Amino acid sequence: MGLTKTSAASKRSLFLVLFILLLFSSVAARAWAYNGQSEPMVLSVQVNRSQIREYPSALAPILTTLGYGEQVILYELASDGWVKVYVPGSTRLGYMFLSALTQTSLEADNIKPAEQGFSGSEIALAGKGFSESAEQAYRQNSQVDYAPVDAMEDFEYSQDALVGFLEGRAP
């Protein structure tokens, strides 16, 4: 009789283990089958910092924050640009905005800093909203006459006129 009870308990334990394995494999298969491949789709964070949220909303509680190049496993597309992903190092699912992710593997070791140094004219043009090359390209592809704009930029106001303007006096 003791042998039968042990055998029944063993069968239940074995059944429970098999059930858990089957459940886990079906969840993993569903995630991996998303893109029709036998492997999971791994995505990398392509922005400086991005959050994994509890539900697909910018107001949802943050589960964790990932940095540039960190990876997640895609589970499914959600809605309005959100995707459901596996939280790294856990079995939890969360939501990220798809635009923060890329399929390209990003390695922070290969990132080189941008070249430094700008000329005075580049800084002046940047203040106006154009780089020199962008302005030249726009001039070539546009029929706009810049003479009035250039004339306004060259116009000089006296110190008294500027103070009067700030005080609300008429010129």
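The values are calculated or read from the model by the stated rules, or taken from the named source; none is laboratory data. Just so you know, these numbers come straight off a predicted model, no measurement behind them. Cβ atoms come from the backbone with ideal geometry, glycine included; neighbour counts cover every protein chain shown.
When segment 155-171 is limited to residues that are over 48 Å from the mean Cα position of the chain (by Cα) and surrounded by 10 or more Cβ atoms within 10 Å (Cβ to Cβ), the one that is modelled with the lowest pLDDT turns out to be Arg169.
Taking the condition of being outside any strand (DSSP E or B) and surrounded by 12 or more Cβ atoms within 10 Å (Cβ to Cβ), how many residues in segment 38-97 meet it? Talk me through it step by step, then tell me what you get.
Within segment 38-97, the first condition is being outside any strand (DSSP E or B), and the residues that meet it are 38-41, 46-48, 54-61, 68-70, 78-81, 87-92.
If we keep only those that are surrounded by 12 or more Cβ atoms within 10 Å (Cβ to Cβ) as well, we get 40-41, 46-47, 54-56, 60, 68-70, 78, 81, 87-88, 92.
Number of matching residues: 16.
Across segment 138-148, the number of residues qualifying as of a type in the set (A, V, I, L, M) and modelled with pLDDT of 75 or more comes to 1.
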